[in-house]
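Below is one structure; the comments refer to it alone.
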Amino acid sequence: MLKYIWLYFRRRPGRILVFIFVVALGVAVSIVLSSIFLSFGETRSRISKINENWITVQYLSDTGRKEEIDDSLKEIFADVSGISDVIQVDIAYLGYNLFGSARANFPVYGIKQTDIARILQLSQSYIVDGRIFSPKTNEIMVSDSFLKASGVGIGLVYEEIFETASTGLYNVVAALKGPSVFGIGPSGISGGKGAYGFIVLSERGFSIAVESELRSRIAGEELKVGVQGPISSRENIERSYSGYYLGVLLCNLCVALVFIIGLTMLNSVSIRERKKEYGILAAIGHSPASLGARLFFESVYQCAAGWIIGLFAGRILVSYLETRFFEPNGLFVGDIFVSTIWTLVIPAITVVFTQVLIGSHLSRDLVGLLKSWEKKKGILKNRFKNISLPWLRFPLRSDGYRSLFVNIIVFALLVTLFGSLLSSLTDTIRDSGRFFDSCSYVQTTESGDIELPEEIVSRSRAVLPASLLNLDVKLIFGTTEIFIPVVSSKDSELVPTLVGGTSENAFYVSKGLFDLINSGEVNGYGNSSPVVLPSLYGLSGIVVEEEVAAEGLLIFHAGDDLVEEIRLFASEAGVVEVVDRRSFEAKILKESQFMNLITSIIIYLQFFVVVIIAIVTVTRIVLGRRRELAIRNIIGQGRGEIALLLFGELILVLFSGATIGFLLGTISWSIFGAFFLSGVYISSFVAAKVFLRIFIMILIVLFSGLAMERYLISRQDPLSIIER
């Protein structure tokens, strides 16, 4: 068996090496993409892991600590056995940036300086750089991975914007190293508005029992207090990993789809061209079953070699990315064993599909195999008689271009699906900011009201006192915020979109936002009944109330230059927040960054496979039709004319396949949206962008094939071919 495979390798080394290379590439890519998903899960688990060291009992407050809650908790602590000590803390939550696409909140504990050593010892952490924080300041010591993720160094100021419990400016004075992600600072770090509570330390072996008892006692007292400990930590870790394991599965299935189709087509080409070999082996005594077993092991050995090479290459690449990409961005790479197991899908299904192809060919008898080979020798049936027929009939009556045709269909389908998926995500964020295309919201500074320069006021259509209402809208993955201006009824007449009269205490929305509210996918608008206003478009709205506690100014303008001037003024005046069209452009970049990365990787992988298939197909077509090409050359057709005719064949195959794939992708996206995206806002199907991407990549494949044709045709000697 091995001797036979070695002989075949010596006869066809290029074909076998290309097959092994494509398998290895698919496996390596699966491991790398999976590591990206798992790095998010591992980072979130390290944030949750801090509660395995102690139990955090906390409550939210806008006015500082609440004595009645603290007293009730202290009484509960005194009655629960297994507690060794209790540390009073207040907690600020900071947002951990996961590659710009998501955020994970982690705690910064406000403690006394005398508790620093004990907290570091319990969390198995230590200070790698910097100094200890000073009392009664906003100085914090945080995990070094967070500093990398946020791009903040020691001695710099960190401003938390997307907070859950507190907000403010923090001076970073030290970096911590350890298995968990957290921070510590002086008591009062919450600044009066945040989370307050206690760190409960338990005796060895009693942490789970203590957490369960605390949950039970606090629930019995009906206190609005949260408890986080080893049990909740494990639940959070399992929940985080379960979502990212699903991402690993879907990612591997997409990559497997790309490579399995290409590999099966490569094997199909090989099997069809080896029919004479199968017939001869059958003539010397090999049964179809033995031939099937022989070719099965041949596929297994090739796939196994590719899988092993891809496994090592993928792990080496992940190690490199961990050093050059993950660690510098504050991400951790977890155990990639799960992703390694899923990479077996590519070689396993390829072997199965190959056996199906082999079985269909070996079902014939010896004479049938030899006749089939003679009939299709040179690929073109009756090649001498059909030279005068139109050249473009060849792709329609031959299987020579089948592998390229199928891969082009799959490529166009994937580009359409993933392009539509990405467009729906970015369009939702873009349409949520349509109202601010012609206005800017400037939040009042902490010191008091702000006064706009006369130059900005004179060039503005209207300047109104207003506040913002934040709504959460469901995306395909996660949620996004919509900012709804709130103005008074007397000022509403100056709002351009409300010209024509308004009612007091009304919530005006666009048709798209109205549909989302009715489907229950919008949170935060209270009990207001929305009213559709035709002048509003996208995902926009405005609230009109009798009296408004204005927190900022709503500036209507009609020029991009004024947007920049308002932003420049706001930065100089120390404005906390500015919302305009640039805010949503940055939001699109941040919230779609991860999806854009995964989409681009999968699409360009399929494009790479299509280019390989195109070159292999063109090589096979030209070499299989050498005698026909030689005769055409002898009867007066030049090499340029022959190349042009082959070019026409490629155009027919590529663009017909791309059209079919595009239509299938459009239909699939419509079905997918109807069944799985119910309630998710999809503004439109961006056919122009998807079509342009397909067109450009098809042109690249086309000219790659043409270059190979010109190279092969230029090396043909018509007379020597006829003599052979």
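Quick note: the coordinates plus some simple rules give every number you see, no bench work behind them. What you see is a predicted model; the values in this text were computed from it and never measured. FYI the Cβ positions are ideal-geometry reconstructions off the backbone, even for glycines, and counts take in every protein chain you see.
Worth a mention:
- Residue order, fewest to most beta carbons within 10 Å, for Tyr441, Tyr604, Tyr301: Tyr604, Tyr301, Tyr441
- Peptides 123-129, 177-183, ordered by how many other C-beta atoms sit within 10 Å of their residues on average, highest first, read 177-183, 123-129.
- Taking other C-beta atoms within 10 Å as the exposure proxy, Phe647, Phe146 rank Phe647, Phe146 from fewest upward.
- For the peptides 340-352, 695-707, the ranking by packing is 340-352, 695-707, with the highest mean count of neighbouring Cβ atoms within 10 Å listed first.
- Peptides 209-220, 406-417 ordered by packing proxy, namely the average of other Cβ atoms within 10 Å per residue, highest first: 406-417, 209-220.
- Region 64-120: C-alpha gyration tensor shape, a/c 1.5 cut-off, then a/b vs b/c: prolate
- Average 1/r across all pairs of distinct alpha carbons in region 55-228, invert it, and you get the Kirkwood radius: 16.6 Å.
- With the simple spin-label model, which puts each label point 7 Å out from Cα in the Cβ direction, the Gln121 to Asp472 separation comes to 4.0 nm.
- The magnitude of the dipole of region 55-228, with charges of +1 and -1 set on the Cβ of Lys/Arg and Asp/Glu and taken from the Cα centre, is near 520 debye.
- Ordering Ile184, Ile69, Gly220 by the projection of their Cα atoms onto the charge dipole of region 55-228, which places +1 on the Cβ of Lys and Arg and -1 on the Cβ of Asp and Glu, puts Ile184 at the extreme positive end.
- Ordered by the count of other Cβ atoms within 10 Å of each Cβ, fewest first, Glu565, Glu42 give Glu565, Glu42.
- Measuring nothing but how far apart in sequence close Cα pairs (under 8 Å, 6+ apart) lie, relative to its length, region 55-228 scores a relative contact order of 39 percent.
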